[in-house]
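Working notes, structure below.
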Amino acid sequence: MKHFTQTLIVVIGFTVATALVAMAETQPSKNSLGNQLMKGSTPWYQKAAVTVGPATESAAKGGSLLILQAGSFLYLEGDSTLHKYQMNANALRGSAIVKSLSGGLEKALKTSQVESMTLIVPVDNLKSREKGLDENAYKALKPKENPEITFSLDSLSLAKAKEGPTVMTAKGNLTIAGTKAPIILTGDAVFTGNQVRLTGTQKLKMSDFKVVPPSISLVVTSIDCKDEIEIHYDVIFDAKK
């Protein structure tokens, strides 16, 4: 009987903890309540960054500067022993420098005229809908020592498929928590004048950047995040006016 009672207490405790976390995940914020009541509203984690700006203020002499535009968004998605989770980037900075835009941006990218491209995600502006997850993520990423996640381009190429969008392949380096690793991003590129919209998803492992997957300790159990994550990005670059 005693063993049965102890087991029952553990089961009840786990059920309550699970319900509380699930409520934290699904409870709408005051700012997003109106949008969530609208049919077909955008998921909170796909919302555009509140603050966007350039990573570089000016181009080299003779070059043209592209800067990140409003409407860009980036979020990471992972899984845990309880449920999937997302963290949205509330702030983004990005710039690209091309040698010339005389033939248009698409031609410049196709002819390897990109001198550099940088996308920066301030770590302390990554937010989920769970305070505990945020706190543990910051402990793992150490924003005081490494305040930014940075992608720096080495080379870029475009390939136009017979059907479908233009495919962009960007080779470069991704730096997370002070650890740099080579990466190849593959996404879709849509051009409008000297503006390009880049969208794609990139799978990563936190351990590749010496980051220990976060965990949340509860009264009777813990929620452990898995090593694999996905970075979803939809970013717009346009020539500086």
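Of all residues in region 170-216, those being in contact with a strand residue (DSSP E or B) (Cβ under 8 Å, 6 or more places away or on another chain), of a type in the set (Ser, Thr, Tyr) and exposed (fewer than 15 other Cβ atoms within 10 Å of the Cβ) number 3. A Cβ distance below 6 Å, combined with a sequence gap of six or more or placement on separate chains, defines the contacts here; from region 196-209, residues that are β-branched (Val, Ile, Thr) reach residues that are not in a strand (DSSP E or B) in the pairs Val196/Leu105. Condition check for Lys162 on (1) part of a strand (DSSP E or B); (2) loosely packed, with under 13 Cβ neighbours inside 10 Å; (3) free of Cβ contacts under 8 Å to residues at least 40 places away in the same chain: one failure, at (1). Tell me, please, whether a residue that is at pLDDT 90 or above, among the β-branched types (Val, Ile, Thr) and in a strand (DSSP E or B) can be found in region 122-144. No, region 122-144 contains no residue that is at pLDDT 90 or above, among the β-branched types (Val, Ile, Thr) and in a strand (DSSP E or B).
Scanning region 165-184 for residues that are touching a residue at least 40 places away in the same chain (Cβ under 8 Å) and farther than 18 Å from Gly104 by Cβ returns Ala170, Gly172.
Of all the listed residues (Leu68, Leu133), the sole one being over 15 Å from the mean Cα position of the chain (by Cα), buried (at least 16 other Cβ atoms within 10 Å of the Cβ) and within 27 Å of Trp44 (Cβ to Cβ) is Leu133.
From the residues in region 158-171 that are of a type in the set (Gly, Ala, Ser) and more than 22 Å from the chain's Cα centre (by Cα), which one is modelled with the lowest pLDDT?
Kept after step one, since they are of a type in the set (Gly, Ala, Ser), are these residues of region 158-171: 159, 161, 164, 170.
Okay, now just the ones that are also more than 22 Å from the chain's Cα centre (by Cα), so 159, 161, 164.
Details: Ala159: 90, Ala161: 74, Gly164: 80.
Ranking the candidates gives Ala161 first.
Glu135 falls short on exactly one of the conditions (1) within 15 Å of Met87 (Cα to Cα); (2) touching a strand residue (DSSP E or B) at 6+ places or on another chain (Cβ under 7 Å), and that condition is (2).
Restricting attention to region 61-108, the residues being under 15 Å from Gly193 (Cβ atoms) and among the acidic types (Asp, Glu) number 1.
Here is the figure for region 217-241: residues that are out of contact with any strand residue (DSSP E or B) (no Cβ under 6 Å at 6 or more places or on another chain) and assigned to a strand (DSSP E or B) total 1.
Test Leu126 against the criterion of being over 25 Å from Ser155 (Cα atoms) and surrounded by fewer than 19 Cβ atoms within 10 Å (Cβ to Cβ), and give yes or no.
Values: over 25 Å from Ser155 (Cα atoms): yes; surrounded by fewer than 19 Cβ atoms within 10 Å (Cβ to Cβ): no.
Judged against the criteria, Leu126 is not a match.
Here's the yes/no breakdown for (1) of a type in the set (A, V, I, L, M); (2) not in a loop (DSSP other than H, G, I, E, B):
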{"position": "Thr42", "(1), (2)": "no, no"}
{"position": "Tyr45", "(1), (2)": "no, yes"}
{"position": "Ala49", "(1), (2)": "yes, no"}
{"position": "Ala55", "(1), (2)": "yes, no"}
{"position": "Ser58", "(1), (2)": "no, no"}
{"position": "Leu74", "(1), (2)": "yes, yes"}
{"position": "Gly78", "(1), (2)": "no, yes"}
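Here's the yes/no breakdown for (1) over 13 Å from the mean Cα position of the chain (by Cα); (2) of a type in the set (Phe, Trp, Tyr):
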{"site": "Arg197", "(1), (2)": "yes, no"}
{"site": "Gln202", "(1), (2)": "no, no"}
{"site": "Phe209", "(1), (2)": "yes, yes"}
{"site": "Pro213", "(1), (2)": "yes, no"}
{"site": "Leu218", "(1), (2)": "yes, no"}
{"site": "Ser222", "(1), (2)": "yes, no"}
{"site": "Cys225", "(1), (2)": "yes, no"}
{"site": "Phe237", "(1), (2)": "yes, yes"}
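The rows are residues; the columns are (1) more than 30 Å from Lys226 (Cα to Cα); (2) in contact with a strand residue (DSSP E or B) (Cβ under 8 Å, 6 or more places away or on another chain); (3) of a type in the set (Lys, Arg).
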| position | (1), (2), (3) |
| --- | --- |
| Ala48 | no, yes, no |
| Pro54 | yes, yes, no |
| Leu65 | yes, yes, no |
| Leu76 | no, yes, no |
| Leu119 | no, yes, no |
| Leu126 | no, yes, no |
| Lys142 | no, no, yes |
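Out of the residues in region 217-241 that are under 30 Å from Thr56 (Cβ atoms) and of a type in the set (A, V, I, L, M), state the one that is surrounded by the fewest Cβ atoms within 10 Å (Cβ to Cβ).
As a first pass, look at region 217-241 and keep what is under 30 Å from Thr56 (Cβ atoms): 229-241.
Right, trim to of a type in the set (A, V, I, L, M) and you get 229, 231, 235-236, 239.
Details: Ile229: 19, Ile231: 20, Val235: 22, Ile236: 22, Ala239: 17.
Ranking the candidates gives Ala239 first.
The values are calculated or read from the model by the stated rules, or taken from the named source; none is laboratory data. Everything numeric in this text was worked out from a predicted model, so none of it was measured. Because the Cβ atoms are built from the backbone with ideal geometry, glycine has one as well, and the counts that use them run over all protein chains shown.
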